[in-house]
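To start, the structure itself, in structure tokens.
The values are calculated or read from the model by the stated rules, or taken from the named source; none is laboratory data. For clarity, every value in this text was computed on a predicted model and none was experimentally measured. Virtual Cβ from ideal backbone geometry, glycine too; neighbours counted across all protein chains shown.
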Amino acid sequence: MRYKAVIFDLDGVICHTDKYHYLAWKQVADELGIYFDEEINNRLRGVSRMESFEIILERYEGVMSGEEKLRYTVEKNEVYKKLLKNMSPEDLPAEVKETLDALRERGLKLAIGSSSKNAGFILERLGLGGYFDAVSDGNNITNSKPDPEVFVKAAQFVGEKPEDCLVVEDAKAGLEAAIAGGMECAAVGDAVLSGLATWNLNTFSELREVVE
Ligand code: B16
Ligand code: MG
């Protein structure tokens with residue numbers, strides 16, 4: 001087996017919460033009269049909540065205090081969490097679950113490496129609470145992707161060396177984080193275009209061949 005553990009990003013890899021992030025940020029942007037669209041939303045992939053807001057504020061004319069910024073990010077998260085309640089195990093694609101089960105059967109440890117502070121809640125909604133061997137997320141890091149911290153911690157949590165871990169990511173910042181942490185990585189979706197990944201996946205199930 002090429003690896004001992006596989007570390008999965010959550011949003012954009014295991015599930016798709018982008019639409020909920022978009023709707024929640026849109027509400028805040030509208031309130032502030034800031035232009036916001038799906039293209040700008042794409043720049044928020046893998047980026048922390050506060051850094052996401054800073055990107056949205058690039059189009060803001062006024063000046064905003066740190067306290068106000070905090071208030072708006074809290075508001076965004078409240079809207080986002082309400083929307084997440086729409087999620088259910090049906091939002092976990094069968095292909096993803098079958099592939100995860102197949103990798104586990106082959107003896108690989110499975111972990112989550114997500115920037116999100118809502119990762120635990122999302123996993124519960126998907127019916128994956130307690131499924132992974134370790135969850136490293138926005139609650140146990142001080143630096144977000146492209147800093148490698150979230151993946152380095154995930155490797156520590158499962159007790160494996162970085163060179164024995166494969167990271168699966170949908171964001172360029174996430175691939176950069178994996179590489180900075182000394183890990184090989186597989187790209188899904190738009191991250192393929194960055195040309196940074198060790199493996200470029202057309203489908204999630206291709207992971208079965210990658211780990212051989
Ligand atoms: P939260 P990932 C990331 O999750 C999302 O891609 C990104 O859009 C979001 O801003 C970030 O989590 C923080 O999320 O506001 O829930 O803490 O892709 O690293 O799993
Ligand atoms: Mg992601």
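Tabulated data for the structure shown
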item: Positions within the range 1-25 being in a helix (DSSP H, G or I) and more than 10 Å from ligand 2 (Cβ to nearest atom), in sequence order; result: Lys19, Tyr20, His21, Tyr22, Leu23, Ala24, Trp25
item: Count of residues meeting criterion [part of a strand (DSSP E or B) and of a type in the set (A, V, I, L, M, F, W, C)] in the range 111-158; result: 4
item: Those residues of the range 165-210 which are more than 15 Å from the chain's Cα centre (by Cα), in a loop (DSSP other than H, G, I, E, B) and crowded, with 18+ Cβ neighbours inside 10 Å, in sequence order; result: Gly181, Met183, Ala197, Leu201
item: Selection from the range 55-97 of residues that are surrounded by fewer than 13 Cβ atoms within 10 Å (Cβ to Cβ) and either under 17 Å from Gly129 (Cα atoms) or modelled with pLDDT under 95 (or both); result: Glu61, Gly62, Val63, Lys85, Asn86, Ser88, Pro89, Glu90, Ala94
item: Identity of the residue in the range 1-27, in contact with a helix residue (DSSP H, G or I) (Cβ under 7 Å, 6 or more places away or on another chain), of a type in the set (A, V, I, L, M, F, W, C) and within 25 Å of Asp147 (Cβ to Cβ), that ends up surrounded by the fewest Cβ atoms within 10 Å (Cβ to Cβ); result: Cys15
item: Within the range 1-11, tally of residues that are within 12 Å of ligand 1 (Cβ to nearest atom) and touching a strand residue (DSSP E or B) at 6+ places or on another chain (Cβ under 8 Å); result: 4
item: Test: Lys69 is away from ligand 2 (no atom under 16 Å from the Cβ) and touching a His at 6+ places or on another chain (Cβ under 9 Å); result: no
item: Qualifying residues in the range 26-79 (those that are of a type in the set (Lys, Arg) and not in a helix (DSSP H, G or I)) - the one nearest to Phe121 (Cα to Cα); result: Arg45
item: Top-ranked residue of the range 132-188 - restricted to ones that are basic (Lys, Arg) and out of contact with any Pro (no Cβ under 9 Å at 6 or more places or on another chain), ranked as nearest to ligand 1 (Cβ to nearest atom); result: Lys145
item: Close pairs from the range 41-57: first more than 15 Å from Ile141 (Cβ to Cβ), partner more than 16 Å from ligand 2 (Cβ to nearest atom) and in a loop (DSSP other than H, G, I, E, B), Cβ under 8 Å, at least 6 apart; result: Ile56/Ile34; Ile56/Phe36; Leu57/Ile34; Leu57/Met64
item: Candidate set from the range 12-61 (those that are of a type in the set (Asp, Glu) and more than 9 Å from ligand 1 (Cβ to nearest atom)); member that is farthest from the chain's Cα centre (by Cα); result: Glu61
item: Of all residues making up the range 28-50, the number that are among the charged types (D, E, K, R) and either at pLDDT 95 or above or buried (at least 19 other Cβ atoms within 10 Å of the Cβ) (or both); result: 5
item: Considering residues of the range 101-124 that are crowded, with 17+ Cβ neighbours inside 10 Å and more than 13 Å from Leu10 (Cα to Cα) only, the residue nearest to ligand 2 (Cβ to nearest atom); result: Leu103
